[in-house]
Amino acid sequence: KRLGAKHTVAVTEAGRLAYWSHSRIEDMHGLNTLETAKNPPGPEYWRRIHPDLVIFQHSGTLDMRRWQNTAGKPVISIDREELSRALKPEYSPIFKKGIQSYRQASIKRGMVLPVLLAKYLYEENDYDFYAVRYWSRHRPPNYCHIYAFRKNLPEKEAILEDLRKVQSGFFESYAKLK
């Protein structure tokens, strides 16, 4: 709730966040956003919505082992070059060329979106990136969520502090945010 109605947040998991937020939520998977339901978001769409915050689950498209020695920090900063280097090689063609339709992809739809989000954010070069540890009932904590804040977003530090305070519990990384 730190972001208000004047802000746009693009997400891959719109459920709880969309319910509690006062911001405009753009659902990248298309469950709640018609424009992204049949085709992946393209550059024109990104320029139009101009999100202040992008939150996405990378769905295993990034090799997160490079950050396993972070001493259990709940939030770690990642620079844009690190983000592109963390992309697993099998996703490189989509990262480099993009796609216009999910039918063009040789990988599952759920894997296409995180790659396209990483591509857009990398090319835009107007975001600060953070990997956020996520707790699950089924596995140990891992960095499966990427938060990208538009540079100079005034609320960024307060949101990061909220995320750092969250240390345990299923879905608390979303539910405990103010």
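The values are calculated or read from the model by the stated rules, or taken from the named source; none is laboratory data. Because the structure is a prediction, the values reported are computed rather than measured. Neighbour counts are summed over all protein chains in view; Cβ atoms, including those assigned to glycine, are modelled from backbone coordinates with ideal geometry. Calculation scope for accessible area: heavy atoms of the full protein, side chains included, ligands and nucleic acids excluded. Shrake-Rupley method; radii C 1.70, N 1.55, O 1.52, S 1.80 Å.
Structure notes:
- Per-residue ellipticity at 222 nm, computed for the chain from helices alone with -39500 (n - 2.57) per DSSP H run of at least four residues, works out to -8500 deg cm²/dmol.
- Rolling a 1.4 angstrom probe over the protein heavy atoms with all chains in place gives the chain an accessible area of 54 Å² per residue.
- Once the C-beta distance of ASN39 and SER84 is scaled by a Förster radius of 30 Å, the resulting FRET efficiency is 0.80 to the nearest 0.05.
- This structure gives mean projected area of the Cα convex hull in nm², computed directly, and of (1) 12.4; (2) 11.5; (3) 9.7 that value is listed as (3).
- Rounded percent of accessible protein surface that carbon and sulfur make up, the chain, 1.4 Å probe: 49 percent
- Counting DSSP beta bridges with both ends in the chain, the antiparallel % (nearest 5): 70 percent
- Ignoring lysines fewer than eight residues from LYS88 along the same chain, the ones with Cα atoms less than 24 angstrom from its Cα are LYS73, LYS96, LYS97, LYS108, LYS119.
- Applying 0.36 nm per residue to the separation of ARG103 and LEU31 and subtracting their alpha-carbon distance, the gain on full extension is 24.1 nm.
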